[in-house]
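Here's the structure we're looking at; comments come further down.
The values are calculated or read from the model by the stated rules, or taken from the named source; none is laboratory data. The model shown is predicted, which means the values in this text are computed figures rather than measured ones. Cβ atoms come from the backbone with ideal geometry, glycine included; neighbour counts cover every protein chain shown. Remember, those area values only see protein heavy atoms, side chains included, never the ligands or the DNA or RNA. Shrake-Rupley method; radii C 1.70, N 1.55, O 1.52, S 1.80 Å.
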Amino acid sequence: MLTVNRSTIQRALNELVSNGLLSRKRGSGTWVSTDKWGVLNETVNWRTYLAANRFSDPENYLTQLRNLESDPQAINLTNFKVPNTMALPISPNHISAKQVVEQENQVDISGIAALKSRLVSRLSTLLQQPVTANQLLITSGAQQAFYLITQGLLSYGDAIAIEKPSYFYQLTFFQVAGIRVYGIPLLADGSLDLNRLQQEYYKHRFRFLFVNPNGQNPTGQMMPLAKRKALIRVCQTLKLPIVEDDPFGIANSFDAPASVPLLKALDPNNVLYVGSLSSLVGNHARVGWLLAPAFIVDQLADIRQQMEAGMSIFPQIIAAQFLAQPDLHQQIQRQANRLQQQQALLQQALQPFVDQGQLTYQLPVNGNSFWVHLQLTRQLNVTDYTLFLKQKVLVQPDFLFGAHQNKLRMGFADLNSAQIPQLQVRLRQILSAL
């Protein structure tokens, strides 16, 4: 039909597979991809990205899910952060509007000294190594740190590697910035497939590896120490820098030194470390930080200053006061105990289905959700998961994290005991239909 040689067709298909637009399934053929792995937009603007979003959410699942969140009959298991009812209180204390304005005019563009001082103390304890204020960039949450990395340290067309599955897959600004994203499979123990990482590195020449090894989202797993050291060795050999996301680090910094050190502690020079207050305060305050070499902090702070005139001083003052509370450790422990009770509720709800061999899960090392494996005899497609929406059981399926493994993320932070009987009825109907 096309009057070209068969090898030309093969080459064209190979290029489309390489670009992520097609996928090959052994024994099934070549298919138009429903993922966005490796997809690169021709122009960097929101309209083009919205058109390309079909690769990550072909059934508009997220749109349907968000529309159901306000439905009083819905059982919402999507929340990964602590709900407002459990968030630690965070509020201004003894500061006037005049003081805010005065400090706003004097503040360093990378963040206020008071907050940096508190974080230096906490992070030095967490990492078991000295941290200095000029290595810290205060951000509006962790996602601004990732966004600034894409703007200041990456260029259009660059490739990065992330875990597969990973919540990084959902972040829109990578494709908006023209960054190609590739997934490296997670192994059963929560570590990365290092052979695959090396193979893919030489194909795509990754500029960064983004990982979430300390309570991985969505699996909740902790990467073992031996595998962390192996990952560091491989990345040092490849000259591949790592971005380590650790939303739970600030809470863990009040406890005894962890038996499994952070990647940043194992390799301070090759790892950029990102944290935030979200695991403690939820959506009450969007304050995060990037720990990096001082010259990178200066460059990214300058880029942010040019883009949006810096970060407001007000949330930084509040965050500094929050971290200065003498009973903060006790507050964190009480919150953790309440979350343990919430976790037990979801275990109770799922136990009949575990007993019947219909699903399995692992308790999270860190995080407020279960990574649930549906024990079915066939591979689910994207449309199958709309059964959860029809039953108003709000979950996040694996395809939203870049995987297709009959798995889904169930959060327990918003669950209450009164919902358990109805949740079990609805899950029974869903699993029966599947």
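Given the alternatives (1) 67, 59, 37; (2) 62, 61, 44; (3) 73, 55, 43, Cα extents along the principal axes in Å as computed for this entry is given by (3). Accessible surface computed residue by residue for segment 115-212, with neighbouring protein chains in place and a 1.4 Å probe, gives 35 Å² per residue.
Once backbone amide H atoms are built at 1.01 Å from N, Arg180 has Gly157, Asp158, Ala159, Ile160 as its partners under 5 Å, excluding neighbours fewer than 5 places away on the same chain.
Ranking Ile318, Ile149 by solvent-accessible area of protein heavy atoms (1.4 Å probe, all protein chains present), from largest to smallest, gives Ile318, Ile149. Rounded to the nearest 0.05, the FRET efficiency derived from the C-beta distance between Ala230 and Ala336 at R0 = 45 Å is 0.90. Counting heavy atoms of the protein chains alone, Ser312 has an accessible area of about 60 Å² for a 1.4 Å probe.
Sparsely packed loop sites in segment 383-434 (the trypsin sites (Lys or Arg not before Pro) outside DSSP H, G, I, E and B with at most 16 other Cβ atoms within 10 Å) comprise Lys392. Measuring nothing but how far apart in sequence close Cα pairs (under 8 Å, 6+ apart) lie, relative to its length, segment 168-273 scores a relative contact order of 24 percent. Per-residue 3J(HN,Hα) values for segment 377-389, derived from phi via the Karplus relation 6.51 cos²θ - 1.76 cosθ + 1.60 with θ = phi - 60°, read 8, 9, 7, 6, 9, 4, 5, 4, 6, 5, 4, 5, 5 Hz in sequence order (x marks Gly and Pro). Estimated from the Cβ-Cβ distance and a Förster radius of 25 angstrom, the FRET efficiency linking Asn416 and Val382 is about 0.25. Solvent exposure of segment 297-362, expressed per residue, is 50 Å² of accessible area, with all protein chains present and a 1.4 angstrom probe. Can you tell me how segment 132-243 classifies by the Cα gyration tensor, rounded, prolate or oblate, using a/c under 1.5 as the rounded cut? Here segment 132-243 falls in the rounded category. Ligands, DNA and RNA left out, the accessible area of segment 256-397 computed with a 1.4 Å probe is 50% carbon and sulfur. Here the extension length gained between Leu194 and Thr85 equals 35.2 nm, from 0.36 nm per residue of separation less the Cα-Cα distance. The phi torsions of segment 63-79, fed into the Karplus equation with coefficients 6.51, -1.76 and 1.60 and a -60° offset, translate into couplings of 4, 5, 4, 5, 5, 8, 4, 8, 6, x, 7, 6, 9, 8, 10, 9, 6 Hz, rounded to whole numbers, with Gly and Pro shown as x. Between Ser312 and Val260, the simple label model (points 7 Å from Cα in the Cβ direction) yields a spacing of 3.7 nm.
May I ask you to list the trypsin sites (Lys or Arg not before Pro) in segment 1-43 that are in a DSSP loop and have at most 10 other Cβ atoms within 10 Å of their Cβ? Listed in order of number, the matching sites are Arg26. With R₀ fixed at 41 Å, the C-beta to C-beta distance from Val354 to Val32 puts the FRET efficiency at about 0.70. Among Glu163, Glu15, Glu200, the sequence by solvent-accessible area, most first, with a 1.4 Å probe is Glu15, Glu200, Glu163. Qualifying trypsin sites (Lys or Arg not before Pro) in segment 124-217, where qualification requires a DSSP coil assignment and no more than 12 other C-beta atoms within 10 Å, comprise Arg205.
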